[in-house]
Amino acid sequence: MEQLPKYRHLALLSLFLLSVDLFSEVDIAEKENRLDKEILSLYRDIAKARELLSYEQLSSLPANTTIQFIGSYPNRTGIRIRKFKVDPDPQNKNRIKHSEEKSILLEFNGSVLSKVEIQITSEDTEIEQKTRTKITDSTPLDESVNDMVIQFSGLDGSDSFPLSSLRNDSIKQERNNFKKEFYIKFLLDFHSQLISISALQKTNGNQNQKKMFKQLNQSLGY
């Protein structure tokens, strides 16, 4: 059998390596597409929080949780949900060693979710370090997730950049990792929180209804 010249061996090797890279890029793109669909699905689920805007007052909330409405009742346009975590100093229980606040802001244009903004603020009193990260998606229901903007501030300064600037190739999958390991988990956490908040309102509402009907029935006794 005639042996291939050396340069043809090199050409075939280069072609093989190129094919492997192309397959890798396709796999990465497909993975990102799946992650984007999961994020959009979570946006649609979280948008159901709009029903909370119809409550003039929220009767009960989970522990370490606060809610701030955007706008005045009954013309509210959004809601911000905050969760707190505080770690006391084991040497001095009256002193806070570390605290963290995370929140999600949901804004609506009519019945349509028009903005999602999440914030995480972390403070360590021992080293007097405070960091804040804000991620804003101003077009949450379009097909592009990569246009969200990430802002960060800390001791080393501040920075702001679009998600699209994160590397996402066969060497580093920064963007996919960000979506899978952080953003989706964050949305799932607050989706669960929203379900709990809605359930509490309905449970307390049912209790109030039962009290009302009991009083009405008692009024028939005279």
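The values are calculated or read from the model by the stated rules, or taken from the named source; none is laboratory data. Worth saying up front: this structure is predicted, and the values here are computed from it rather than measured. When we count neighbours, we look across all protein chains shown, and the Cβ atoms used for this are built from the backbone with ideal geometry, even at glycine. Ligands, DNA and RNA are excluded from the accessible area calculation, which covers all protein heavy atoms including side chains. Shrake-Rupley method; radii C 1.70, N 1.55, O 1.52, S 1.80 Å.
Counting only strands (runs of 3 or more DSSP E) wholly contained in the range 112-178, the ones carrying 3 or more residues that are in contact (Cβ under 8 Å) with a residue 24 or more places away in the chain and either out of contact with any Phe, Trp or Tyr (no Cβ under 6 Å at 6 or more places or on another chain) or closer than 26 Å to Ile46 by Cα (or both) occupy 112-124, 129-137.
Determine if the range 44-51 includes at least one residue that is open to solvent by 50 Å² or more (accessible area, probe 1.4 Å), farther than 20 Å from Glu117 by Cα and either polar (S, T, N, Q) or over 18 Å from the mean Cα position of the chain (by Cα) (or both). Within the range 44-51, none of the residues are open to solvent by 50 Å² or more (accessible area, probe 1.4 Å), farther than 20 Å from Glu117 by Cα and either polar (S, T, N, Q) or over 18 Å from the mean Cα position of the chain (by Cα) (or both). The numbered conditions (1) under 17 Å from Leu194 (Cβ atoms); (2) modelled with pLDDT under 85; (3) open to solvent by less than 60 Å² (accessible area, probe 1.4 Å) are all true for Ser19 except (1). Among the residues of the range 161-203, the ones that are open to solvent by 40 Å² or more (accessible area, probe 1.4 Å), out of contact with any Ser or Thr (no Cβ under 9 Å at 6 or more places or on another chain) and not hydrophobic (A, V, I, L, M, F, W, C) come to 14 in all. Restricting the range 91-111 to residues that are out of contact with any helix residue (DSSP H, G or I) (no Cβ under 9 Å at 6 or more places or on another chain) and closer than 14 Å to Ala47 by Cβ, the residue that is least open to solvent (accessible area, probe 1.4 Å) is Leu105.
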